[in-house]
Amino acid sequence: MFGIKKSRMNEIIYKYTKYLTQFAFCCKLQTYYNTPMRSLFLIFLFVLLTNCSGDSVNNPNCKFLLDIGVNVTVNMNLPQYSQLQFAGNSVYIANYGNGGIIVASLGNNQYFAWDASDPNHTPSSCSALEISGLEGICGCADHNKYSLVNGQPLENASLQCALKNYRIEQNGNTLLISN
């Protein structure tokens with residue numbers, strides 16, 4: 001059941017049955033309170049069991065990109081990153097994440113960092129995104145296009161996966177990009 005060995009499942013059932021029995025024993029009151037307390041206990045148990053579910057935010061179809069640790073410092077005073085000081089510009093940083101990182105500047109100290117690999121393709125030589133202003137375009141035959149403002153696909157509603165986002169912390173003219 002659910003990929004758990006039978007002996008392990010029996011241990012889990014015994015452990016939680018023991019706790020539930022102890023809880024039920026502690027909740028025993030006088031005879032005329034047993035039915036309401038038992039009902040309350042069953043409602044509590046039902047709510048607890050029905051609300052325990054997996055992470056529904058993750059789309060099972062979006063499993064092409066690996067969860068690679070990223071920790072990059074970008075000094076916008078350096079010439080290769082100086083264009084990030086102006087709204088509407090983007091910069092590609094190679095050798096981080098799955099296919100590099102794209103940092104986009106919206107102005108007013110708003111920056112976004114995205115993995116530069118198309119999340120709707122297995123990583124390959126064509127799946128790296130090319131920057132065009134505040135858009136990223138896949139080099140594969142389908143030319144998937146993504147917004148570098150919100151990471152969502154553009155022009156193709158059938159795409160299920162958005163760009164992989166990285167966290168950015170700003171300290172003066174330095175950006176720390178991590179996940």
In the set Ser158, Ser117, Ser147, Ser125, which member is buried (at least 20 other Cβ atoms within 10 Å of the Cβ) and closer than 25 Å to Asn61 by Cβ? Ser117
Here is a check on your reading of the model: is Gln83 free of Cβ contacts under 8 Å to residues at least 60 places away in the same chain and more than 19 Å from the chain's Cα centre (by Cα)? yes
Filtering the stretch 72-86 for residues that are part of a strand (DSSP E or B) and either at pLDDT below 95 or aliphatic (A, V, I, L, M) (or both) leaves a count of 2
Pick out, from the stretch 121-179, the strands (runs of 3 or more DSSP E) lying fully within it that include 2 or more residues that are assigned by TED's automatic domain parsing to the domain that holds Ala94 and in contact with a His (Cβ under 9 Å, 6 or more places away or on another chain). 135-138
Is it true that some residue in the stretch 87-109 is more than 29 Å from the chain's Cα centre (by Cα), modelled with pLDDT of 90 or more, surrounded by 10 or more Cβ atoms within 10 Å (Cβ to Cβ) and part of a loop (DSSP other than H, G, I, E, B)? no
Looking only at residues in the stretch 69-121 that are touching a helix residue (DSSP H, G or I) at 6+ places or on another chain (Cβ under 9 Å) and of a type in the set (A, V, I, L, M, F, W, C), which one is farthest from Tyr166 (Cα to Cα)? Met76
Residue under question is Ala24, and the condition is that it be surrounded by 13 or more Cβ atoms within 10 Å (Cβ to Cβ), at pLDDT below 70 and not β-branched (Val, Ile, Thr); does it hold? yes
Which members of the stretch 103-157 meet the condition of being aliphatic (A, V, I, L, M), under 18 Å from Glu169 (Cβ atoms) and without any contact (Cβ under 8 Å) to a residue 60 or more places away in the chain? Ala104, Leu106
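The values are calculated or read from the model by the stated rules, or taken from the named source; none is laboratory data. The model shown is predicted, which means the values in this text are computed figures rather than measured ones. Heads up, the Cβs are rebuilt from the backbone with ideal geometry, glycines too, and the neighbour counts pull from every protein chain shown.
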